[in-house]
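Below: the structure, in structure tokens.
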Amino acid sequence: MKITKDLYHGSLALLTDFYQLTMAYAYWKSGKADQQAVFNLFFRKNPFQSGFTVAAGLDYVIDFCRNFKFEENDLEYLQQMTQKDGTPTFEEGFIQYLRELKFSCDVDAVEEGTVIFPNTPMVRVRGPLLQCQLLETPLLNIINFQTLVATKASRISLEAKGDPVLEFGLRRAQGIDGALAASRASYIGGCSSTSNVMAGKLFGIPVSGTHAHSWIMAFDTELEAFEAYAEAFPDNCIFLVDTYDTLKGIQNAIKVGQSLKAKGKKMLGIRIDSGDLAYYSNVAREMLDEAGFPDAKVVASNDLDEHILSSLKMQEAAIDIWGIGTKLVTAYDQPALGAVYKMAAIKNEKGDWVPKLKVSQQAVKINIPGFQNVRRFYKNGKAMADMVYLENGEKLPDEITIIDPNDPTKRKKIQSGALESKVLLKSIFKEGEKVYTRPKLDEIREKTLTGLGRFDKAHKRLINPHIYPVGLEESLYHLRTDLVLKAKNYH
Ligand SMILES: Nc1ncnc2c1ncn2[C@@H]1O[C@H](COP(=O)(O)OP(=O)(O)OP(=O)(O)O)[C@@H](O)[C@H]1O
Ligand SMILES: O=P(O)(O)OC[C@H]1O[C@H](OP(=O)(O)OP(=O)(O)O)[C@H](O)[C@@H]1O
Ligand SMILES: O=C(O)c1cccnc1
């Protein structure tokens, strides 16, 4: 992968928590390294009090898995690790095992740009226990962040109601990789472009921008600055009007716009970056219209997020384009998604899958056991419920009851035979070989937008969104309940 090569110059196999390696070693020592297991990656709560989440990061996961290999310099690092008594942490035999390790898991995942909900598997990894285990940390690292930012971007884009949203986050993002991944995820969520030129180069995201206050400050007057910029970009100028006095700034932009017009060129618009954005955008609109620039766009920026954007829309701000940085790329109001990766089943010596459950005092923290998939049902073109079910080859009845995993009194009957439906987990790797054709980034973005269009607006509103029904198919529900009762010694 380009990012890996450009930033880390080699293998990412050590991008993991130390305990994954100590467990891997202990699995190897106890003869369990190649026992077949299945793990699910899922989250428990939509971020930002959102009614939905948008999946992102799979493309990085694919690169990670394809390049999964311990290089000699990784092994050298592990070889020099010692325990308190000075003995090597890892035996040579284990180092050799890692040297020969070849990724051989099956990976199934929801595609990027898919609208998803809590407690449903986003990624399912099946294969040798040691490999499944080693994937936990990097998969979570990748998916947690990109999914979070794609969700934030989609919320912003929904509130923008079709207006372009320009992602301006690079300078405030969490480091280099955070910025690049955030630009990519923002585009998946619906942003139109990024200011991050490297993200443009690496991912093919359209790159755009205006100019900064420093450009104005580099000249004696604002008018001179606008004129000079217009000279350089006669068909591509958006003038930042608020360096000194916003109203005078708009007048200066109009003056330069008029001389561009006289030369057969066109001012694209203005940007406002401070003050009351509703008030100034309307004043700017009036002035631009009166001066004969009805097509000139008003761009707004300054600590925007979906809530301020929504408020500005309600105030009838005359803003056509939204520039959003900090609050988008840092997922400002919720810095982590909290997705987890849990073992769901393991194969015993007889070759049977044994479902596994982690018990917790908190009901929401009890995982869903077994080899699962998710099916989404649609009614009259709109998504109506997601069902988590055991993928065991058995045909499901035409009428299914799904049960909320956290509240068994919440149930929904589904006439599955009569409804349109689709399975969400797609096969990505089979025994380590990639079987999935990656969509282009533009196709992923389109998937987000059309996918969101298939959900009722009640699930997409900012305040108290209506909870989308997600339930366990009855037999899975009973399996889980039985295992919980057994684990708590009620059987
Ligand atoms: N009409 C409005 N309704 C709601 N929020 C607004 C409105 N206009 C601006 N805002 C938001 O209010 C906040 C104001 O930011 P701030 O306190 O930094 O003031 P400012 O005018 O931008 O000052 P500065 O010159 O320091 O940038 C920003 O997040 C901005 O997006
Ligand atoms: O506000 P954001 O959503 O992060 O959008 C990016 C901000 O970055 C630039 O500001 P700059 O770095 O010049 O700082 P300032 O305008 O806040 O002083 C730009 O003028 C935006 O205000
Ligand atoms: O192009 C812009 O206007 C821009 C880019 C980055 C941050 N703020 C603004």
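General remarks:
- Prolate/oblate/rounded label for segment 46-87 (Cα gyration tensor, a/c 1.5): oblate
- Counting only protein heavy atoms and a 1.4 Å probe, the chain has 46 square angstrom of accessible area per residue.
- Residues whose placed amide H lies under 5 Å from that of LEU472, excluding near-sequence neighbours: VAL388, ILE403, ASP404
- Selection from ILE188, HIS211, LEU260, by position along the positive dipole direction of segment 157-268 (Cβ): ILE188
- Distance between the pseudo-spin-label points of GLU433 and THR89 (7 Å out from Cα toward the beta carbon): 3.6 nm.
- Here the spin labels are modelled as points 7 Å beyond Cα on the Cα-Cβ line, and at LYS263 and ASP482 they lie 7.9 nm apart.
- Per-residue [θ]222 nm for the chain (sum of -39500 (n - 2.57) over DSSP H runs n ≥ 4, rounded to 500): -11500 deg cm²/dmol
- When both bridge partners sit in segment 362-491, DSSP labels roughly 90% of those beta bridges antiparallel.
- Against the main long axis of the alpha-carbon atoms of the chain, helix 246-262 sits at an angle near 80°.
- Between 0 and 90 degrees, the angle of helix 441-453 with respect to the longest Cα principal axis of the chain falls at about 90 degrees.
- Mean-position separation - Cα centroids, segment 401-439 and segment 95-153, in angstrom: 17
- Of the peptides 364-373, 203-212, the ranking by mean beta-carbon count within 10 Å, highest at the top, reads 364-373, 203-212.
- Antiparallel bridges, percent of DSSP beta bridges restricted to the chain (to nearest 5): 70
- Cα-based shape type of segment 105-238, given that a ≥ b ≥ c are square roots of the gyration tensor eigenvalues and the cut on a/c is 1.5: prolate
- Note on LYS69: lysines with a C-alpha under 22 Å away, same-chain residues under 8 apart excluded, are LYS2, LYS5, LYS29, LYS32, LYS102, LYS430, LYS434.
- Angle in degrees between helix 175-189 and the longest Cα principal axis of the chain, rounded to the nearest 10: 80
- Charge dipole (debye, nearest 20) of the chain; +1 at Cβ of Lys and Arg, -1 at Cβ of Asp and Glu: 1500
- Here the accessible area is traced with a 1.4 Å probe on the protein chains. For the chain, carbon and sulfur cover 51 percent of it.
- Cβ-based charge dipole, segment 38-88, positive-most Cα from PHE68, PHE48, VAL38: PHE48
- The string of couplings for segment 287-296 from the Karplus curve (6.51, -1.76, 1.60, θ = phi - 60°) is 5, 5, 4, 4, 7, x, 10, x, 8, 5 Hz, one whole number per residue in order, with x for Gly and Pro.
- Segment 229-347: C-alpha gyration tensor shape, a/c 1.5 cut-off, then a/b vs b/c: prolate
- Solvent accessible area, Å² - ASP17, 1.4 Å probe, full protein context: 70
- Area of VAL256 that stays accessible when all protein chains are in place (1.4 Å probe, Å², to 10): 0
- 3J(HN,Hα) couplings calculated from phi for segment 326-337 with the Karplus curve 6.51 cos²θ - 1.76 cosθ + 1.60 (θ = phi - 60°) are, in sequence order, 2, 6, 7, 6, 9, 6, 3, 8, 8, x, 8, 7 Hz; Gly and Pro show x.
- Note that segment 299-315 has calculated 3J(HN,Hα) couplings of 9, 10, 8, 2, 6, 7, 8, 5, 6, 5, 4, 4, 5, 5, 5, 5, 7 Hz, one per residue in order, obtained from phi through the Karplus relation 6.51 cos²θ - 1.76 cosθ + 1.60 (θ = phi - 60°); glycine and proline are x.
The values are calculated or read from the model by the stated rules, or taken from the named source; none is laboratory data. Just so it is clear, the model here is predicted, and its values are computed rather than measured. Every residue, glycine as well, gets a Cβ built from its backbone with ideal geometry; the counts of neighbours run over all protein chains shown. Just the protein is used for accessible areas: all its heavy atoms, side chains included, with ligands, DNA and RNA removed. Shrake-Rupley method; radii C 1.70, N 1.55, O 1.52, S 1.80 Å.
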